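Derivation of every value follows stated rules applied to the coordinates shown; laboratory data play no part. Because the structure is a prediction, the values reported are computed rather than measured. Every residue, glycine among them, receives a Cβ derived from its backbone with ideal geometry; neighbour counts consider all protein chains shown.
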Amino acid sequence: MQRYKGPVLLGLLLIGLLLVIISQKGKLPKPHSVAVGLEVPDFVVLDKDGRRYTKENLKGKTVFLHFWASWCRECRQEMPEIVEIYKRKRSDPNFVFLAVVYNEDPADSRSYLQREGYDIPIFVDPGGKTAQAFGVTGVPETYIIDPEGVLKKKVIGPANWRDYPL
């Protein structure tokens, strides 16, 4: 009987693990399929005054949703072009620029922008829910959403924004 003790314990352990996985299945967040041509998921980001920017209240506008962090070397490299987009489009009532801080204290982001002389608004993602909904895995990541709420362009990593028509 002793020689069966190990395999029996291993079997019981595997069954227990399987039961835990099955019980958690409905509780795990379902990833959204964010792809060009599909409607984007609902999202909420906040400006420095706590104003909410959502998919619903931005309908009818083109949205430039850019996830970044000051600790990210590629983000810092493309920041001059990101700032140029903001400067070029900030007076366009049909365009919304959302530079969302990712995995960073917003105070650090503001410090970086101030040190570099960049004047762009930054937004926070409460609980990282917007990044999770879009499937963000790192930064920079940018999503351009058309006025109907459909993803027009998805850019993973840095981009040459100088040549992109917005």
Checklist outcome for this item: Note on C75: of the conditions (1) more than 12 Å from the chain's Cα centre (by Cα); (2) surrounded by fewer than 19 Cβ atoms within 10 Å (Cβ to Cβ), unmet is (2)
Checklist entry - If you scan the stretch 102-116, which residues turn out to be under 19 Å from the mean Cα position of the chain (by Cα) and not polar (S, T, N, Q)? => result Y102, E104, D105, P106, A107, D108, R110
Checklist outcome for this item: Of the residues in the stretch 56-74, those that are of a type outside the set (G, A, S) and not in a helix (DSSP H, G or I) come to K59, K61, T62, V63, F64, L65, H66, F67, W68, W71, C72
Checklist entry - Only one of these conditions is not met by Q132: (1) polar (S, T, N, Q); (2) exposed (fewer than 15 other Cβ atoms within 10 Å of the Cβ); (3) touching a residue at least 60 places away in the same chain (Cβ under 8 Å); (4) closer than 19 Å to V40 by Cβ. Which number is it? => result (2)
Item to check | Search result, residues across the stretch 75-127 that are small (G, A, S) and in a helix (DSSP H, G or I) | outcome: A107, S109, S111, G127
Checklist outcome for this item: The condition from (1) surrounded by 18 or more Cβ atoms within 10 Å (Cβ to Cβ); (2) within 20 Å of I145 (Cβ to Cβ) that E56 misses is numbered (1)
